Amino acid sequence: MRKVFHIKWWHPLAAAVLLAVLALWAQDDARETEAAAPQPVLVIDAGHGGADGGAVAADGTTESGVNLDIALRLEALARFWGIQTVMTRDSEDIAYPDSAASIAAKKVADQHARVGLVNNTPGAVLLSIHQNKYPAASPHGIQVFYGKVSGGQELAEMAQGNLTALLCPDNRRLAAPIGQDIYLMKNVNCPAVLVECGFLSNPGDLANLKTDTYRMKLAAVLLGSYLQYTRGTIT
Ligand SMILES: [Zn+2]
């Protein structure tokens, strides 16, 4: 079953996003809008899902569930403000082709389908949501990675700056290029960022990531960053 989040305009975070949008629209924007450029579409990718739960915390919290919850909140906030969105998945169930028998084959089929969806969406800007995990408990914080397509680095640096300033001021992690082993990020032909929202292996990060409030804050800051990035192309 798909969860539905109802966002009211008086929700403090929704109101904060509105104020950010109005402030951005009021700014003098020196960037020229390209006449032929399609309207940007926010493609929200909740990492993993279906047969692939992703990382698992010591208490059993699965990455796929945390990713999906943040993604659905981001979608609800974006739609509330009239921003066009596409989800690569909107539940924990993924329909695999009959030919995909093993878990490995299911993962490959799913990743191919996600790349196809993104690359067939004109104006796509991909925001992929993940959680980190490390053998030691001490690493913590948020880090944003970007793909090779132009624009990704700019969006990643905006998102990293906003997330650090608003959610974890002691965070020293910087936006960085994504490794070559992430199939989705490597194969999409649009600006793309992957956000590691925190470490499931760190008690502080895990406690935050399990709360509705922190998940909503992450969604709000990610939406604000997307708007900051796309403001030059909104007509
Ligand atoms: Zn992941």
**Asked** Looking at region 177-197, which of its residues are more than 16 Å from the ligand (Cβ to nearest atom) and touching a Phe, Trp or Tyr at 6+ places or on another chain (Cβ under 9 Å)?
**Response** PRO177, PRO191
**Asked** Would you say LEU174 is away from the ligand (no atom under 16 Å from the Cβ) and part of a loop (DSSP other than H, G, I, E, B)?
**Response** yes
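Report yes if MET158 is away from the ligand (no atom under 16 Å from the Cβ) and either closer than 24 Å to ASP52 by Cβ or surrounded by 14 or more Cβ atoms within 10 Å (Cβ to Cβ) (or both), otherwise no.
The answer is yes for MET158.
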**Message:** Go through (1) part of a helix (DSSP H, G or I); (2) among the charged types (D, E, K, R); (3) more than 19 Å from the chain's Cα centre (by Cα) for ASP110 and report which single condition fails.
**Reply:** (3)
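Being among the charged types (D, E, K, R), under 28 Å from HIS6 (Cα atoms) and over 13 Å from the mean Cα position of the chain (by Cα) narrows it down to one of GLU92, GLU157, GLU75, so name that one.
Numbers: GLU157 fails: under 28 Å from HIS6 (Cα atoms); GLU75 fails: over 13 Å from the mean Cα position of the chain (by Cα).
Of GLU92, GLU157, GLU75, the one residue that is among the charged types (D, E, K, R), under 28 Å from HIS6 (Cα atoms) and over 13 Å from the mean Cα position of the chain (by Cα) is GLU92.
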**Request:** Mind counting the residues in region 56-107 that are free of Cβ contacts under 8 Å to residues at least 60 places away in the same chain, among the polar types (S, T, N, Q) and either touching a His at 6+ places or on another chain (Cβ under 6 Å) or surrounded by fewer than 22 Cβ atoms within 10 Å (Cβ to Cβ) (or both)?
**Result:** 6
**Prompt:** So which pairs qualify, if the first residue must be in region 110-122 and touching a residue at least 24 places away in the same chain (Cβ under 8 Å), the second must be buried (at least 16 other Cβ atoms within 10 Å of the Cβ) and assigned to a helix (DSSP H, G or I), the Cβ gap must be under 8 Å, and the two must be at least 6 apart or on different chains?
**Reply:** GLN111/LEU184; ARG114/LEU184; VAL115/LEU184; VAL115/ASN187; VAL118/LEU184; ASN119/ASN187
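Bear in mind that the values in this text are calculations on the coordinates, not laboratory data. Just so we're clear, the structure is a prediction, and the values are computed from it rather than from any experiment. Note that each Cβ is placed from the backbone with ideal geometry, even for glycine, and that neighbours are counted across all protein chains shown.
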